[in-house]
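Working notes, structure below.
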Amino acid sequence: MTVSPFDHPLLSALLGDEEASRHFSVEAEIEAALAFECALAEAEAENGIIARDAAAAIVTALASFRPDTALLRAGVAKDGVMVPELVRQIRAAVGEPHGDKVHFGATSQDVIDTSLMLRLKAIVEHIGLLLTETVLRLTSLEERFGGRALTGMTRMQPAIPIQVTDRITAWRGPLQRHQERLSDQARRLLVVQFGGAAGTLERLGDKGPPVRAALAAKLGLADAPQWQSQRDTLADFAGWLSLLTGSLGKFGQDIALMAQGGTDIALSGGGSSSAMPHKQNPVKAEALVALARFNATQLSGMHQALVHEQERSGAAWTLEWLLLPQMVVATAASLRLAAELAGQIESLGH
């Protein structure tokens with residue numbers, strides 16, 4: 001049983017994306033958190049913060065460590081995040097005399113935010129590939145049907161004759177701009193978070209910046225000063241997700257309207273009706289419109305989550321957890337649906 005359509009056993013077939021969802025699983029989150037703790041120990045040993053023997057003991061323990069997820073669940077109920085209980089379990093696994101060097105100088109938010117960046121890195125690559133596939137599908141449609149005639153529609157009324165290529169350009173152009181935006185987004189988004197208790201790395205002294213740089217390099221992320229209470233880049237990414245699904249929603253809306261007329265488009269694989277066997281419903285086109293509106297609605301919440309009081313907010317942080325994963329999966333699903341829908345177009349124009 002689930003309250004989310006994105007991982008619902010039935011609805012996810014239409015609205016979900018298994019690859020994007022996988023990166024928000026508990027297994028993926030724990031794996032990324034352990035990668036952080038391993039890289040942190042190595043970076044601190046290289047900079048003389050902890051002994052190399054301590055780092056070796058931590059890395060060895062983490063190689064075979066499997067947390068007790070029931071205790072993690074109880075820890076989240078108590079602490080709001082899994083990290084305090086996870087660190088307790090890791091320290092017990094490392095044992096004396098090195099257990100107290102686990103997570104040295106870090107705080108829960110460092111683990112949670114950097115874990116998110118590690119998973120978003122894989123997600124950005126996945127979404128980028130899906131976006132390229134959708135652009136290619138639209139280009140193929142233009143090659144096949146671009147020279148055909150269409151009736152241009154303005155304010156949903158017949159206007160003047162246009163060509164199919166004109167409408168496809170309006171579908172594809174924004175997607176190509178979103179590709180360019182994604183490259184810029186990734187450079188600013190995929191950075192390490194490492195600030196310690198209040199963002200000052202006070203326990204590392206003047207070694208804080210070099211440890212952070214080494215940590216970032218080991219994790220394959222860019223280095224950046226702590227940003228724990230500065231959520232503008234995440235909100236910007238959410239804005240990009242909403243822009244993309246909005247553009248795909250325009251494609252879906254146009255296809256649904258063309259299918260309503262029935263003379264300018266031929267679609268295969270439409271959805272059936274339980275009451276009217278003659279119908280071929282444009283299900284994928286409708287879903288694109290719904291997902292566009294969903295992400296536009298969630299975006300306002302991500303902007304609310306910009307309000308992080310002082311050096312750390314529990315409330316705004318939790319709001320991000322409620323919103324961002326669903327926006328990501330909605331976007332990946334939209335791209336999948338758009339590519340599939342483009343592949344179902346058997347004829348455009350006349």
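Report yes if ASP100 is without any contact (Cβ under 8 Å) to a residue 24 or more places away in the chain, assigned to a helix (DSSP H, G or I) and more than 14 Å from LEU62 (Cβ to Cβ), otherwise no. When the stated conditions are applied, ASP100 passes them.
Can you find even one residue in region 189-205 that is closer than 24 Å to ILE123 by Cβ and free of Cβ contacts under 8 Å to residues at least 60 places away in the same chain? Scanning region 189-205, I find no residue that is closer than 24 Å to ILE123 by Cβ and free of Cβ contacts under 8 Å to residues at least 60 places away in the same chain, so the answer is no. If the condition is being surrounded by 14 or more Cβ atoms within 10 Å (Cβ to Cβ), out of contact with any Gly (no Cβ under 9 Å at 6 or more places or on another chain) and farther than 14 Å from MET327 by Cβ, then region 290-315 contributes LEU306, HIS308, SER313. Beta carbons closer than 8 Å, at least 6 apart along the sequence or on distinct chains, pair a first residue in region 249-266 that is within 19 Å of ARG293 (Cβ to Cβ) with a second that is modelled with pLDDT of 90 or more and aromatic (Phe, Trp, Tyr) for LYS250/TRP171; PHE251/TRP171; ASP254/TRP171. Per the listing GLY105, GLY146, the residue uniquely surrounded by fewer than 20 Cβ atoms within 10 Å (Cβ to Cβ) and of a type in the set (Gly, Ala, Ser) is GLY146. Restricted to region 250-277, and to residues there that are among the hydrophobic types (A, V, I, L, M, F, W, C) and not in a helix (DSSP H, G or I), the residue that is modelled with the lowest pLDDT is ALA275. Of the residues making up region 10-46, those that are closer than 23 Å to LEU215 by Cα and free of Cβ contacts under 8 Å to residues at least 24 places away in the same chain are GLU27, GLU31, ALA45. Among helices (runs of 4 or more DSSP H) entirely within region 14-93, having at least 2 residues that are at pLDDT 95 or above and hydrophobic (A, V, I, L, M, F, W, C) singles out 26-46, 52-64, 69-79. Scan region 218-226 and give yes if some residue there is farther than 15 Å from GLN109 by Cβ, touching a strand residue (DSSP E or B) at 6+ places or on another chain (Cβ under 6 Å) and touching a residue at least 40 places away in the same chain (Cβ under 8 Å), otherwise no. Yes. Among the residues of region 47-64, are any touching a His at 6+ places or on another chain (Cβ under 8 Å), surrounded by 15 or more Cβ atoms within 10 Å (Cβ to Cβ) and farther than 30 Å from GLY208 by Cβ? No, there is no match, as no residue in region 47-64 is touching a His at 6+ places or on another chain (Cβ under 8 Å), surrounded by 15 or more Cβ atoms within 10 Å (Cβ to Cβ) and farther than 30 Å from GLY208 by Cβ. Every condition in (1) part of a helix (DSSP H, G or I); (2) touching a helix residue (DSSP H, G or I) at 6+ places or on another chain (Cβ under 9 Å); (3) within 24 Å of GLY349 (Cα to Cα) is met by ASP166 except one, and the failing one is (2).
The values are calculated or read from the model by the stated rules, or taken from the named source; none is laboratory data. Quick caveat: nothing in here was measured; it's all calculated off a predicted structure. Here Cβ is always computed from backbone atoms with ideal geometry, including for glycine, and neighbour counts include all displayed protein chains.
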